Amino acid sequence: MARTILVVEDEPTLRETLVEALESDGFRVVAAADGREALAQFRGERPDLILLDLMLPELSGIEVMRIIRAESGTPIVMLTAKDSELDKVVGLELGADDYVTKPFSLRELTARIRALFRRSEAAIAVGAQPTIVDLGRVQADLGGHRLLRDGVTLPIKPKAFELLAFLLRNPGQVFTRDQLLEKVWGYDYAGETRTVDVHVHWLRSQIEEDPGNPVFIHTVRGVGYVFRRP
Ligand code: CA
């Protein structure tokens, strides 16, 4: 599944260059031209990484970062000008993960991005998340891609497991059916949102004590689904 990068840059030529370069690197890219649009895209698209110019109209990059950091730990790479040392320091203190100074080479930038993805994956593997998640009736073995009951592996479709693992890794976050299709099935998946409902229905039949009255995977009416610990 393609990772999504949000590019926030008000300068049109640079924004387009970044979008094209990252897309040709295999990423899914969404873009924003000012601070307000950046927040809207962040909340709507839930990107895996944000490339954030600090000098922006509407809402400064620093303000955008402050707001995003209050809501999530999504990796952020700042794009800074040479003469904005102070912004860079403030940005790093606010929780930016890395920065590049303009003008930068695309090769350097994509190397930074890949390094950040490797680090965040390593953090997950090393135990920010347990490998086996106990759900009472069943245990989800995230590393082994298995669903277990009393130590016995239950048959499960790969996509159903990926959906479960995605929800487990993002507890308390509500996702729309479209977002789940994108995150689990891939952005180019031309399926219907009903696919998500069918998989959730099946997962509930496996993990819930009473599938009609779920305690793990909840329906948020008019929005989508959320995983919560009872
Ligand atoms: Ca700018």
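When the Kirkwood hydrodynamic radius is evaluated over all pairs of different C-alpha atoms of region 128-227, what value in angstrom, to one decimal, is obtained? Could the numbers behind the result be given before it?
On the way: mean 1/r = 0.0726 Å⁻¹.
Hydrodynamic radius (Kirkwood, Cα only) of region 128-227 equals 13.8 Å.
What does the charge add up to near Val184, with Lys and Arg as +1, Asp and Glu as -1, over the other residues with Cβ less than 12 Å from its Cβ?
Working: positive: Lys157, Lys159, Arg169, Arg177, Lys183; negative: Glu162, Asp178, Glu182.
For residues surrounding Val184, the net value is +2.
Students often check this: by mean Cβ neighbours within 10 Å, which of 144-155, 109-120, 56-67 ranks highest, and how do the rest follow?
On the way: 144-155: 12.0, 109-120: 15.2, 56-67: 18.7.
Order by mean packing, descending: 56-67, 109-120, 144-155.
Separation between the Arg114 and Ile132 pseudo-spin-labels, each 7 Å from Cα along Cα→Cβ, expressed in nm?
3.6
In whole Å, what three semi-axes, largest first, describe the equivalent ellipsoid of the chain built from its Cα gyration tensor (square root of 5 times each eigenvalue)?
Numbers: eigenvalues 262, 63, 53 Å².
Value: 36, 18, 16 Å, ordered largest first.
Work out the length of the dipole vector of the chain about its Cα centre, built from +1 on the beta-carbon of each Lys and Arg and -1 on the beta-carbon of each Asp and Glu, and round it to the nearest 20 debye. Before the final figure, lay out each step's value.
On the way: 29 positive and 35 negative charges, 187 e Å.
Roughly 900 debye, rounded to the nearest 20.
Quick check: the angle from helix 12-24's long axis to the longest principal axis of the chain, C-alpha only, nearest 10 degrees?
40
To two decimal places, what compactness ratio does region 4-124 give when its Cα radius of gyration is scaled by 2.2 N^0.38 Å? Kindly include the intermediate steps, with their values, before the conclusion.
On the way: Rg = 12.9 Å, N = 121, 2.2 N^0.38 = 13.6 Å.
Relative to the rule-of-thumb radius for its length, region 4-124 sits at 0.95.
Hand me the tally of lysine pairs in the chain: alpha carbons under 29 angstrom apart, and the pair either on different chains or 8 or more positions apart. Numbers along the way, then the final one.
Numbers: Lys82/Lys102; Lys88/Lys102; Lys157/Lys183; Lys159/Lys183.
Lysine pair count for the chain: 4.
For region 63-165, what percent of Cα pairs sit more than 22 Å apart?
Values: 2711 of 5253 pairs.
Percentage above 22 Å: 52.
When DSSP beta bridges are limited to those with both residues in the chain, what percentage is antiparallel, rounded to the nearest 5? Provide the component values of the computation, followed by the final result.
Numbers: 15 of 32 bridges.
Percent antiparallel among DSSP bridges in the chain is about 45.
At a Förster distance of 25 Å, what's the computed FRET efficiency of Arg194 paired with Arg3, Cβ-Cβ distance as r, to 0.05? Could you put the intermediate results ahead of the total?
Details: r = 26 Å, r/R0 = 1.02.
E(calc), rounded to 0.05, equals 0.45.
Bear in mind that the values in this text are calculations on the coordinates, not laboratory data. Model, not experiment: these values are computed from the prediction. Here Cβ is always computed from backbone atoms with ideal geometry, including for glycine, and neighbour counts include all displayed protein chains.
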